[in-house]
Amino acid sequence: MFLLKKVFQLRDKTNPEMEKPFLDHLEDLRVMIMQVVVTLIISMILCFSLQGYLMDVLRAPVQNVWLEHTRGSLPSDITPESWEQAKDLLNRSIDLSPEQRSAFYEHFDPQVLRYLDAIRLMRAAKALNETDRLPFLEQQAADDAELKRIIEAVSATGADPDSRAGSDVMMMSALKPTETFMLSMKLAFFAGVVLAFPFLLYFILQFILPGLHQHERKILWPSMFVGFALFLTGVFFAYFFVLPKTLVFFFEWSIDMGVTNDWRIGEYITFATQFTLLFGLSFELPVVIMALVKLGLLTYDMMRRTRSYAIVAIVVAAAMITPTSDVLTLSLMAVPMYVLYEACILLAWLDQRKRRRAEKEETLQRYGLTPPSTDDEAPKTIDLPTDEPETMASDDDDDSQEKPSDPEDAR
């Protein structure tokens, strides 16, 4: 209730000529909520039909985690896809006879089959003592230089032939019958918020700032475009940069602790959607601050003096809204927010300078010290009066006519 009163007071302050009672404000709030709900329902229905594509999009960072982990444990000339394909072929051909196995291997790349031979020997060597493994591998690959090179390179990097780094991560589990359906609804809601964000922002601004003038409405649409662009920037920054690094960090941490990464699909989707959505909302900081500047609640001098307090507030806010508690994620959210805050200080300074210039020109024009600054109006010229000299000349002529020409008449 306290927050609602503050919002209603802000509405009255932005439009003093149309102050409303409390119940009328509640009616406007109801209309705004209905507009937001209807817009979200329409966008969710559209996104629900694309749930397969959305699932592939959100699973892509997990696949990148597997690729990064596998690539780090392999030589540079062996790709993770080829190495995993060789292990998969070996597992599928275990029950085949030698003749069937030879016919089966004819359909695949010979280099992948080289990796398969290396994996077979390395798996068998793991049953021996550590002192006997290397002599066994060297003996078995003595007649094949390429196979020996592959075994030595893979052994040097520490690749494990038995483990599939992404098997438990990529094939996530659902522990409830309704979990996958609710997951689809969650994906549709997340994608619907992203898709309908410009309309949601318009409805919210229309409620907070009612009674806008025509020139203010023209500024509102570019502001919405900038806000949507900032929101997408935050979402893409989180999806392509922050989220993969965070997943790799936790994946590697579990591997070092000797824990298997068996992630549940529901918990991962919740984590990924909240992560990207919160980053998108955090990038809306310039929109909020510049709106407060336009309303006169913040000024350039105030923001410059309280910069140190703003840094603390940004760090605390980033720590509260980030889904994880690690320092890396906190820094990746707090640093862009601080950069955006500094950009807001610069924009506030430019706005203040522009407003002061306009006030100065208005004051000068009021006292007639400068001509109007409009370009379409031609400069006015001052016409000097010409009637007075003519009048003086005519008076002289009259005097000359009144003077008598004869001296006798003069006497």
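The values are calculated or read from the model by the stated rules, or taken from the named source; none is laboratory data. Only a predicted model underlies this, so the values are computations on that prediction, with no experimental measurement involved. Positions of Cβ are generated from backbone atoms using ideal geometry, with glycine treated the same way; all protein chains shown enter the neighbour counts.
Quick notes
- Lone qualifier among MET303, MET337 - being modelled with pLDDT of 85 or more, touching a Leu at 6+ places or on another chain (Cβ under 8 Å) and assigned to a helix (DSSP H, G or I): MET337
- Failed item, numbered, when LEU364 is tested on (1) in a helix (DSSP H, G or I); (2) out of contact with any Ser or Thr (no Cβ under 8 Å at 6 or more places or on another chain); (3) modelled with pLDDT under 85; (4) of a type outside the set (Val, Ile, Thr): (2)
- Set ALA142, ALA127, ALA103: member being of a type in the set (A, V, I, L, M, F, W, C), without any contact (Cβ under 8 Å) to a residue 12 or more places away in the chain and part of a helix (DSSP H, G or I): ALA103
- Yes/no for VAL327 being surrounded by fewer than 20 Cβ atoms within 10 Å (Cβ to Cβ) and at pLDDT below 85: yes
- Residues of region 193-236 satisfying the condition of being touching a helix residue (DSSP H, G or I) at 6+ places or on another chain (Cβ under 8 Å), modelled with pLDDT under 75 and not in a helix (DSSP H, G or I): LEU209, PRO210, GLY211, LEU212
- Pairs linking a residue in region 34-45 that is in contact (Cβ under 8 Å) with a residue 60 or more places away in the chain to a residue that is of a type in the set (S, T, N, Q) and in a helix (DSSP H, G or I), with Cβ atoms under 9 Å and 6 or more positions apart or on different chains, are GLN35/GLN206.
- Matching residues, region 308-343, being over 18 Å from the mean Cα position of the chain (by Cα) and of a type in the set (Phe, Trp, Tyr): TYR309
- When region 256-273 is limited to residues that are farther than 16 Å from GLN63 by Cβ, among the β-branched types (Val, Ile, Thr) and surrounded by 15 or more Cβ atoms within 10 Å (Cβ to Cβ), the one that is modelled with the highest pLDDT turns out to be THR273.
- Which listed residue is without any contact (Cβ under 8 Å) to a residue 24 or more places away in the chain and surrounded by 15 or more Cβ atoms within 10 Å (Cβ to Cβ), from ARG30, ARG59, ARG133, ARG114: ARG133
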